[in-house]
Amino acid sequence: MKETSSPSNGPLVQSRPPLWDFKRLFQPKTVAVIGVSLKRERHPANVIFNKIHLRYPVDVFAVNPGGGDLFGRKVYTSIRNLPRPVDLAVIAVRAEYTLDTLKDCIDAGAGGAAIISGGFAEVGRLDLQDQLADLARQHGFPFIGPNCLGIYVPGRIDTFFIPSERMVRPESGKVALVSQSGGVLVDQMTKFAEQGIGFSLGVSIGNKALVRELDLLEYLAADPDTGVIAFYIEGFARGEGREFVQAARKCSKPVIVLKSGKTGEGMRAVSSHTASMAGDYAVFSAALAQHGIVEAVNEFELVSFCEALSCYGEPIDGRVGIISPSGGHGALAVDICSRNGLSIPAFNQEQQNRIRADLSSSVQPIASLNNPIDLTGSATDIDFMAATEHLARSPELDAIILLLLPYTPEVTSDLSARLSRVCRRHNKPLIAYVPHVERYRMLIEGFEFNGVPVSPSIKGAVLMVKALKRNKPC
Amino acid sequence: MLKTEIKTVLEAARTRGWVSEPDAKRLLSAAGLEVPRFVTVTDPDQIEPVAADLGFPMAAKVVSSRIVHKSDVGGVRTGIETIRELTAVFESFSRLDGFEAMLMEPMVSGLEMIIGAKMDDQFGPVVLLGMGGIGVEIYQDVSLRMAPLGNADVDSMIKGLKAAPLLYGYRGRQAVNRDELTRTLIRFSDFVMAAADMIESIDLNPVMCSGEKCIVADARIMLPPMDGHTAA
């Protein structure tokens, strides 16, 4: 799928109604797939029809002007001829037929559309998609796309033209991801699923001819199923970035942005120092930070930030306590923390004495209790619980990183659930690192099912804390 | 009315594409920013009375509609102590391509900072604060914010600079007057908002920041291309 060109060549922001009604579009009970093929079995529209028909709790109708029969189901000749109006129309006809099809959808009383078809701004036909947008605007009819994959809501709807067996899907959860690129969305969904991060909604907005980031930000800010709003953005239209960051600042939910095209400039000769140093990306990044939007600089950060912020929404200052049964792990975590602007406050003798008093008799004489805490390889559940309890109570710390190495012989498999509850009780964000291998699954889930994010790497755990700190205007 | 004044000066400079230092300083002064007292001279005979009035040490700069970057062509001299030096400087400036006049002003001291603005396509007017002087683009120690700025924005811009400790009074040096710097940035941000649809970018470089004041020692306002919207 081709992406649209640079933001400055994009369309200007049009005046729009204050809020689109996206409810029928994103929570459809009835769907029409327009443009199924009776000749090509693996036509994208057929894939979409088939997966919705077989896997989702909605009534779905196939549409093709030729009529006939597809996978044993009737093909209707037009959306106008369906037994009842549908909530969502998936439009997969050729670009030149989309305008007429959109008219039919509006006349037939559909609730909205996802226009999957390509052949618009990405191939120089901005006029074609402008016509679609003008028509839709006149009728207050929301559509996603064109040139997109459309919508994925776990257990409810999936308009991606990727066969189900080829897709890795996150479960139901709190993160909404809005992506200008369909490919990036699918790829991120794989990573989110691997990390056990749930989705409330995934939308590929493609050429964003009508529905743009700002519209979805407003919708998701009010959506009770969404707790964290993430975007993959290539660029904004003139003045649109300003509106977006101002709206995001007013949003009570964490907003995360991954931006591409960070280096696509610099060739242009500029005559002032300011214009040279305030390049497109530098301004983008500064505007996000100024408005409390979390910028993920790469995909790895995006996943970590989404996971952390779906567990903890409150911004923190960045003072971290570290607990580990290995001095090496603690030292590595400290290094990564300081590179990422997080501080590791030292514990005074009195604080250390209080922790030591609660440790098991075997660990008491050998543990190192400055920050980072090294409970040694002899650490038992009692020692982890005691150290975590003390750190969770400390007003000098904003978050705890727990480096839990499950091969430590005295650690039991229900420790993670117990530790999670300690931190929940004290309202102290806890982030865990556990090596992600199948035999430690129960420990990992003990954290995850109790609302504690788990990273498969030390760096990932540190980035999660950084996300909590960055969720704050600066 | 500031807006009318801005418009008059900027309209007059449209064909040239940028506003000269004397005009830019008059505008900034009207917007409430501190600039040094300055006089432009076109005849060497004017030098002595002006110098007597402004006082040494002095800075002299070439005024020319063809020279955007004055220091690149040897068009900036600082620390001038005598009439004889001034006359020699005038002599050499007058040989520069497009020479129109020599700007004379008393030297101001302080930490060299840059304050700038740019009309961003996606985010509108943005303001920049950084360490100034001729090395700005080498060190690139700058903070950016969308305008208009509030006090909290200014605080975080200062904190965001690597050189922030220099402003707080590093190793016994005098600290920069934070209130003055804040006032300067906020007035500048108001100016930028008022002029937003008429300008492309602005460099105030250097702005000399001391324990007492922040004085705009040089200024340049770049205007958008004549064919309507800027392509920036």
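The values are calculated or read from the model by the stated rules, or taken from the named source; none is laboratory data. Computed from a predicted model, the values in this text were never measured in an experiment. Using ideal geometry, Cβ is built from the backbone for each residue, glycine included, and neighbour counts are taken over all protein chains shown.
Some notes on this structure:
For (1) more than 14 Å from every other protein chain (Cβ to nearest Cβ); (2) in contact with a Phe, Trp or Tyr (Cβ under 8 Å, 6 or more places away or on another chain); (3) among the hydrophobic types (A, V, I, L, M, F, W, C), each residue gets a yes or a no:
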position	(1), (2), (3)
B:Arg16	no, no, no
B:Arg26	yes, no, no
B:Val35	yes, no, yes
B:Gln46	yes, no, no
B:Ala52	yes, no, yes
B:Gly55	yes, no, no
B:Arg66	no, no, no
B:Ser71	no, no, no
B:Gly79	yes, no, no
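- Taken as a whole, the structure leaves B:Asp218 outside the set of residues that are surrounded by 22 or more Cβ atoms within 10 Å (Cβ to Cβ) and within 10 Å of chain A (Cβ to nearest Cβ).
- Residue identified as touching a strand residue (DSSP E or B) at 6+ places or on another chain (Cβ under 6 Å), in contact (Cβ under 8 Å) with a residue 40 or more places away in the chain and among the small types (Gly, Ala, Ser) among A:Ala399, A:Ala432: A:Ala399
- Where B:Phe99 falls short, out of the listed (1) free of Cβ contacts under 8 Å to residues at least 40 places away in the same chain; (2) within 14 Å of chain A (Cβ to nearest Cβ); (3) not β-branched (Val, Ile, Thr): (2)
Per-residue answers, yes or no, for (1) part of a strand (DSSP E or B); (2) under 22 Å from A:Val411 (Cβ atoms):
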| site | (1), (2) |
| --- | --- |
| A:Leu302 | no, no |
| A:Cys306 | no, no |
| A:Glu314 | no, no |
| A:Gly321 | yes, yes |
| A:Gly328 | no, yes |
| A:Ala333 | no, yes |
| A:Ile336 | no, no |
| A:Ala346 | no, no |
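- Only one entry of A:Val437, A:Val422 meets the criterion of being under 22 Å from A:Gln352 (Cβ atoms) and of a type in the set (A, V, I, L, M), and that entry is A:Val422.
- Test: residue in the stretch B:65-76 that is free of Cβ contacts under 8 Å to residues at least 60 places away in the same chain, acidic (Asp, Glu) and assigned to a loop (DSSP other than H, G, I, E, B): no
- The condition of being without any contact (Cβ under 8 Å) to a residue 12 or more places away in the chain, more than 28 Å from A:Asp127 (Cα to Cα) and in the same structural domain as A:Arg212 (by TED's automatic domain parsing) holds for only one of A:Arg40, A:Arg55, A:Arg73, A:Arg84, that being A:Arg40.
- Among residues that are touching a residue at least 24 places away in the same chain (Cβ under 8 Å) and either farther than 25 Å from B:Thr15 by Cα or at the interface with chain A (Cβ under 9 Å from one of its Cβ atoms) (or both), B:Leu185 is included.
- Just one residue in the set A:Thr412, A:Thr380 is over 22 Å from A:Val462 (Cβ atoms), at pLDDT below 95 and more than 31 Å from the chain's Cα centre (by Cα); that residue is A:Thr412.
- A:Gly239 satisfies every condition listed in (1) within 14 Å of another protein chain (Cβ to nearest Cβ); (2) touching a residue at least 12 places away in the same chain (Cβ under 8 Å); (3) in contact with a helix residue (DSSP H, G or I) (Cβ under 9 Å, 6 or more places away or on another chain) except (3).
- Tally, over the stretch B:45-64, of residues that are in a helix (DSSP H, G or I) and small (Gly, Ala, Ser): 2
So that you can scan it fast, the table gives a plain yes or no per residue for (1) in a loop (DSSP other than H, G, I, E, B); (2) among the small types (Gly, Ala, Ser):
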site: A:Ser117; (1), (2): yes, yes
site: A:Asp130; (1), (2): no, no
site: A:Phe141; (1), (2): yes, no
site: A:Gly155; (1), (2): yes, yes
site: A:Pro170; (1), (2): yes, no
site: A:Gly173; (1), (2): no, yes
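- The set of residues in the stretch A:69-101 that are at pLDDT 95 or above, small (Gly, Ala, Ser) and either at positive phi or part of a helix (DSSP H, G or I) (or both) contains only A:Ala95.
- Candidates A:Val437, A:Val422: the one that is under 25 Å from A:Cys306 (Cα atoms) and surrounded by 18 or more Cβ atoms within 10 Å (Cβ to Cβ) is A:Val422.
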